[in-house]
Amino acid sequence: MRFSDWEPIYEEILEEFGFSREEDEEAARLLQSLLLGREGDHSPEYLSSMIKGREILVCGNGPSLPQELKNVLESSMQSLALDEPEPDDLIVIAADGATTRLFSAGVLPDVIVTDLDGFLPDIIAANARGSVVVVHAHGDNMAVLREFVPQLRRVLGTTQAEPIEGIYNFGGFSDFRYFRSLGFQTLVFVSSRISVRASIVSSRISALLRAASMMTNLPGSLLAMASKFAATS
């Protein structure tokens, strides 16, 4: 999405919650400087190639996640897909602290979306084993950006402020409205308060996801990231 479409909503959120746009922009520049010139980090196009046409499992950090994950992996995904997916077709996306619960269930997430307030040893360990990490910069997490981004590889940087070179804004804090034209076959949300299953084939998806947003605390950066990375032309 264009930043000009997101900016009026962003300004409303800043005013409502007392966040600082200047600090968000400073955090974006900091993340940019930490990633500048590094090898092995990723682009939106790379993540798009991972996600497009695949079965997507988005995991929130809820206490029921291990059991819900077990249920999904054993049965739900098979019934949701038009064609039964092969195991390699499933992409697991962890919302920050869900990484720890996935680890405890023996699952390595393919993608972790985080502003680095989850259990960082597990995020670092998952990244070392191959998880891509989408790191979201904002005014309140500059200290952890400085400390932990240098310890991560396979990183994509995001911001909720105006995007700058190498740091992307896909729209949203926690709003599902910017899902559109998703290229994955099936999307399943798993968290403590919601297990929403949606085959992305209907114009009703926007309303479904807005309803889902009232029941789940998945980070907006995760949702907007999935929207952008899975988009088709």
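A few remarks follow.
- Matching residues in segment 114-149 - criterion: being loosely packed, with under 15 Cβ neighbours inside 10 Å and either assigned to a helix (DSSP H, G or I) or touching a strand residue (DSSP E or B) at 6+ places or on another chain (Cβ under 8 Å) (or both): 121, 128, 143, 146, 147
- Residue list for segment 150-159, restricted to those being within 17 Å of the chain's Cα centre (by Cα) and either without any contact (Cβ under 8 Å) to a residue 40 or more places away in the chain or not in a loop (DSSP other than H, G, I, E, B) (or both): 152, 155, 156, 157, 158, 159
- Restricting the first member to segment 15-40 and to residues that are under 18 Å from residue 115 (Cβ atoms), and the second to residues that are modelled with pLDDT of 90 or more and surrounded by fewer than 13 Cβ atoms within 10 Å (Cβ to Cβ), the beta-carbon pairs closer than 9 Å and six or more apart or on different chains are 21/11; 32/165; 34/150.
- Scanning segment 1-14 for residues that are among the aliphatic types (A, V, I, L, M) and touching a residue at least 24 places away in the same chain (Cβ under 8 Å) yields 1, 9, 13.
- Screening segment 5-57 for residues that are among the polar types (S, T, N, Q) and modelled with pLDDT under 90 and picking the one that is farthest from residue 157 (Cα to Cα) gives 49.
- Condition check for residue 193: over 17 Å from the mean Cα position of the chain (by Cα), among the basic types (Lys, Arg), in a loop (DSSP other than H, G, I, E, B) and at pLDDT below 90: yes
- A search for C-beta distances below 7 Å between a residue of segment 60-73 that is touching a residue at least 12 places away in the same chain (Cβ under 8 Å) and any residue that is assigned to a helix (DSSP H, G or I), counting only pairs 6+ apart in sequence or on different chains, returns 60/98; 61/98; 61/101; 65/98; 65/101; 66/101; 66/104.
- Set 91, 123: member being at pLDDT below 90 and of a type in the set (A, V, I, L, M): 91
- Residues that are of a type outside the set (A, V, I, L, M), under 14 Å from residue 166 (Cβ atoms) and over 20 Å from the mean Cα position of the chain (by Cα), drawn from segment 1-48: 29, 33, 37, 38, 39
- Summed over segment 123-141, residues that are under 27 Å from residue 5 (Cα atoms) and either in contact with an Asp or Glu (Cβ under 7 Å, 6 or more places away or on another chain) or not hydrophobic (A, V, I, L, M, F, W, C) (or both) total 5.
The values are calculated or read from the model by the stated rules, or taken from the named source; none is laboratory data. Model, not experiment: these values are computed from the prediction. Note that we place each Cβ from the backbone using ideal geometry, even for glycine, and neighbour counts take in every protein chain shown.
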